[in-house]
1. In terms of modelled amide H atoms, which long-range or inter-chain residues lie less than 5 Å from the amide H of F53?
2. Whole-Hz Karplus ³J(HN,Hα) for the range 147-152, in order, using 6.51 cos²θ - 1.76 cosθ + 1.60 and θ = phi - 60°, x for Gly and Pro?
3. At what distance in nm do the modelled label points of K131 and D264 sit from each other, each positioned 7 Å from its Cα along Cα→Cβ?
4. At a 10 Å Cβ-Cβ cut-off, how would you order L283, L66, fewest neighbours first?
5. For N59 and N119, calculate 0.36 nm times their separation in residues minus their Cα-Cα distance, and state this gained length in nm to one decimal.
6. With the crude spin-label approximation of a point 7 Å out along Cα→Cβ, what separation in nm comes out for T112 versus T95?
7. With a cap of 11 neighbouring Cβ atoms within 10 Å, and only residues DSSP puts in a loop, list the trypsin sites (Lys or Arg not before Pro) found in the range 74-140.
8. Considering the zone a paramagnetic label at T291 would reach in this model (a point 7 Å from Cα along the Cα-to-Cβ line), which residues of the range 216-234 have amide N under 16 Å from it?
Amino acid sequence: MKSFLTVLLILTSFAAMAQDAMAPHYKIYNTAKKAPATVDDIISSLDKADVLFFGEEHNDSTGHYLEALLFKKLTEKYPGKSALSLEMFQTDCQTVLNEYLAGLIREKNLITEGRAWNNYKDYRPMIEQAKATNTPVVAANAPTRYTNMVTRGGLVSLNQLSAQAKTWLAPLPIDTATGPYYEKFVNIMGGHSAMGNMKIYQSQNVWDATMGYNIAQFLKTHKDFKVMQVNGGFHSEEKLGTAAQLKKYSPKVRIVNIAAYADDGFDNPDWTKFEKMGDFIILTDPKLPKTF
């Protein structure tokens, strides 16, 4: 017993040292207070919320470290009442994902048949935490082949799909109303002339609506669960995109959103850039290596 406790103490010390080693490379801020915050502050905010959005930069190594840490703490605080939802898996791969979480198939099958992203290693710690704790994972995103259809033929092209195929999308027709999200999308695309036509924006809305719908459907059948949704930052900044679509499908849902960025001023944020982006912002050291 004594030797076991010694090993446990050593492992705990290593884990603490790893966290301490990362601490100089990021800062968390509560945007309402414009003040520093902690991972535990974010978890505590879920006492009065249902969904935590983590808007990431896909290649930010520190952001991925913090995602895994947040999700681990979420499963510890809400055992049996937490879930993970991911942009990185598509709805028609839910069965494959479930089979892996249940221990029925190998990881290589999850990666190939579940069409995992090329940087799956960045999300693997969360998947393994979910597997170890019997925590559900929602494959939230729309199949790429269908968003490509919309980019080429517009939303009306989805009407040609079979009844089965439509179950992998948010209910049609999908709301693509213009407004702040549209203007933001146009700006990031380089202006109206660069964007060409509405079809690209429509395909973006198919992603957002499908992710929002799947989170809403999960919450309908899992009362009092806390869901952590991970997606690219644009999908949830300012609680637009996927977050706004979720509110359409579940008007009473309570959302906390995190926006994470690699930024040279992570010790001293430019609030004119970040104050509206999330309830919390995480600024990370851009000098650390990217994951790809």
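1. For F53, whose amide H was placed from the backbone, the distant partners under 5 Å are Q229, V256, N257, I258.
2. 5, 5, 4, 5, 4, 8
3. Reported label-point gap for K131 and D264 is 4.2 nm.
4. Details: L283 25, L66 22.
The most exposed by this proxy come first: L66, L283.
5. Working: separation 60, 0.36 × 60 = 21.60 nm, distance 0.83 nm.
So the extension gain works out to 20.8 nm.
6. Between T112 and T95, the simple spin-label model gives 1.8 nm.
7. Details: sites: K77, K81, R106, K108, R115, K121, K131; in loops: K81, R106, R115.
Those satisfying the criteria are R106.
8. Inside the label zone: 229-234.
Rule-based calculations on the coordinates, nothing more; no lab input. Please read all numbers here as calculations on a predicted model, not as lab measurements. Every residue, glycine among them, receives a Cβ derived from its backbone with ideal geometry; neighbour counts consider all protein chains shown.
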